[in-house]
Amino acid sequence: MERIPILKMGPFLLVTIQIDLYDRLALNLEEDLVKMVETTSSKGVLIDISAVSIVDSFMGRILGNIASMSRLLDAQTVVVGMQPAVAITLVELGLQLNGVYTALNMEKGMNLLKSKMDISISPQDDGDYSFE
């Protein structure tokens with residue numbers, strides 16, 4: 001069964017979607033992300049959709065579900081890299097994506113997650129992260 005990789009980076013989970021999602025893969029991603037938020041006590045989820053060119057109402061609903069479930073587990077969700085055509089499609093479909101923050105790129109998305117946590121994060125020499 002195909003899965004989208006989920007990386008842990010400090011207190012955050014990072015997902016880069018490199019392919020257009022079909023329904024089963026999107027459901028697997030939703031399930032995997034929510035489990036990882038719970039098991040790792042992550043405080044944020046960053047989803048990069050810059051390679052996604054097509055979005056339908058199901059995919060929009062999955063993004064909203066991920067944000068809602070993550071928020072219930074005390075984590076924020078930021079979607080980055082949305083192409084203009086994807087944004088237009090989401091608006092035309094009438095999808096609100098409540099609870100989903102957006103940013104133009106990964107750097108801005110990480111900064112947004114950090115600001116939502118209201119803590120300072122700095123990498124140590126050994127690659128671990130400290131929270132100040």
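Where a number appears in this text, it was derived from the coordinates with a stated rule and is not lab data. Since the structure is predicted, the reported quantities are computational estimates derived from the model, not experimental observations. With ideal geometry, Cβ positions are generated from the backbone for all residues, glycine too; neighbour counts draw on all protein chains shown.
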- Specify the residue with the greatest mean-square fluctuation among 13, 90, 112, computed from a Gaussian network of the chain linking alpha-carbon atoms under 10 Å apart. 90
- Note on the structure: For region 65-70, in residue order, the Karplus 3J(HN,Hα) values (coefficients 6.51, -1.76, 1.60; θ = phi - 60°; whole Hz; Gly and Pro = x) are 5, 4, 5, 5, 5, 5
- Task: Return the long-range amide H neighbours of residue 79 (sequence gap of 5 or more, or a different chain), with a cut-off of under 5 Å between placed amide H atoms.
- Result: 47, 101, 102, 103
- Item | Principal-axis tilt of helix 23-40 within the chain, Cα atoms, nearest 10 degrees | 20
- Item | Straight-distance crosslink candidates among lysines, where the alpha carbon sits under 21 Å from residue 108 and sequence neighbours closer than 8 are dropped | 8, 43, 116
- Note on the structure: Helix 106-117 sits off the longest principal axis of the Cα atoms of the chain, rounded to the nearest 10 on a 0 to 90 degree scale, by 60
- Message: Classify region 29-122 from the C-alpha gyration tensor, please: rounded if a/c falls under 1.5, else prolate or oblate depending on whether a/b exceeds b/c.
- Response: oblate
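Can you tell me how much longer the chain between residue 41 and residue 65 gets when fully stretched, taken as 0.36 nm per residue apart minus their C-alpha distance, in nm with one decimal?
Between residue 41 and residue 65, full extension yields 6.8 nm more.
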- Message: Just want the answer: with Cβ charges of +1 for Lys and Arg and -1 for Asp and Glu, which residue in 96, 34, 12 is farthest toward the dipole's positive end in region 6-131?
- Response: 96
- Segment residue 72-residue 51, length gained on full extension (0.36 nm per residue, minus Cα span): 4.8 nm
- Query: Tell me, in nm to one decimal, what length is gained between residue 87 and residue 28 on full extension, where the rule is 0.36 nm per residue of separation less the Cα-Cα distance?
  - Reply: 18.9 nm
